[in-house]
Amino acid sequence: MRRLFDEELADLDNSFTEMGMLVAQTIEKSVQSFVDHDREGAKAILDNDHQINEREAAIEKKTFEMIALYQPVTTDLREIVTILKAVSVLERMGDQARNIANSTIRVKGTKHMASIEKELGEMGTQVAQMVSTVMGYYIKNDALGAEAIADENHSLSQRAAKVRSDSVNGMKEDSELVDSAADYLVIAGYLKRIGDYTTDIAEWIVYKRTGKIIELNPGYNYFI
């Protein structure tokens, strides 16, 4: 029975980490599509969105089955609970990537601000790396590393605030930038939410490792 449980838990771990990497790739692609004004790329992201949802459903189903069948305790139970909680966070990250893709398709502005779009592209790369990094902490069971993701999220928050300030100033200076600047504000908000979600996963990693529930995000600061 123990051998079977360990094998199924290893498969569950693999499915969870694979979903995390898929989400990270989707986030980066969605932001790049927005920056490149690539509507076809954005449509491809929307067409494949079901993959993330289906993975979440399958992983959740497996966690419930394992809890019912094996009735795990202590560290085993914490690992399964961590996956059950964190997989829903990954799905919400995927929702934000889908929102970015939708914004790309319906964007109306004809005049753009290259400096802000560059900043958004860099934010997309940063937040995708944050997702990959926090999944690495999960694999290594690294509670200290997971806690450090909050510092990275603070850096992302500062970049989002800069995008907000530059976008507002752009609208004030040139009325033709209003549509584009409004889109920049929305995209920065989506990226900031994803950053907040990485700290949610980090909190569950700490729980998995130590059994302690901590707060790395004392209130989401969406800034918009």
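The values are calculated or read from the model by the stated rules, or taken from the named source; none is laboratory data. As the structure is a computational prediction, the values presented were derived from the model and not from experiment. Note: ideal-geometry Cβ built from the backbone for every residue, glycine included; neighbour counts use all protein chains shown. The protein model used for the area step is the full one, side chains on, heavy atoms only, and it has no ligands, DNA or RNA in it. Shrake-Rupley method; radii C 1.70, N 1.55, O 1.52, S 1.80 Å.
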- Query: Can you name the residue in region 133-171 that is more than 16 Å from the chain's Cα centre (by Cα) and of a type in the set (Ser, Thr, Tyr) and is also most open to solvent (accessible area, probe 1.4 Å) among such residues?
  - Reply: Ser165
- Message: Given (1) touching a Lys or Arg at 6+ places or on another chain (Cβ under 7 Å); (2) buried (at least 19 other Cβ atoms within 10 Å of the Cβ), identify the lone condition not met by Ile105.
- Response: (2)
- 1 or more residues at pLDDT 95 or above, of a type in the set (Lys, Arg) and within 18 Å of Val23 (Cα to Cα): qualifying helices (runs of 4 or more DSSP H) within region 109-224: 178-210
- Task: Test Lys85 against the criterion of being closer than 21 Å to Val186 by Cβ and either open to solvent by 50 Å² or more (accessible area, probe 1.4 Å) or modelled with pLDDT under 95 (or both), and give yes or no.
- Result: no
- Within region 15-50, count every residue that is open to solvent by 80 Å² or more (accessible area, probe 1.4 Å) and among the polar types (S, T, N, Q). 2
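Tell me which residues, restricted to region 172-213, are open to solvent by 50 Å² or more (accessible area, probe 1.4 Å) and either of a type outside the set (Phe, Trp, Tyr) or touching a Leu at 6+ places or on another chain (Cβ under 7 Å) (or both).
Residues satisfying the conditions are Lys172, Glu173, Ser175, Glu176, Val178, Asp179, Val186, Arg193, Arg209, Thr210, Lys212, Ile213.
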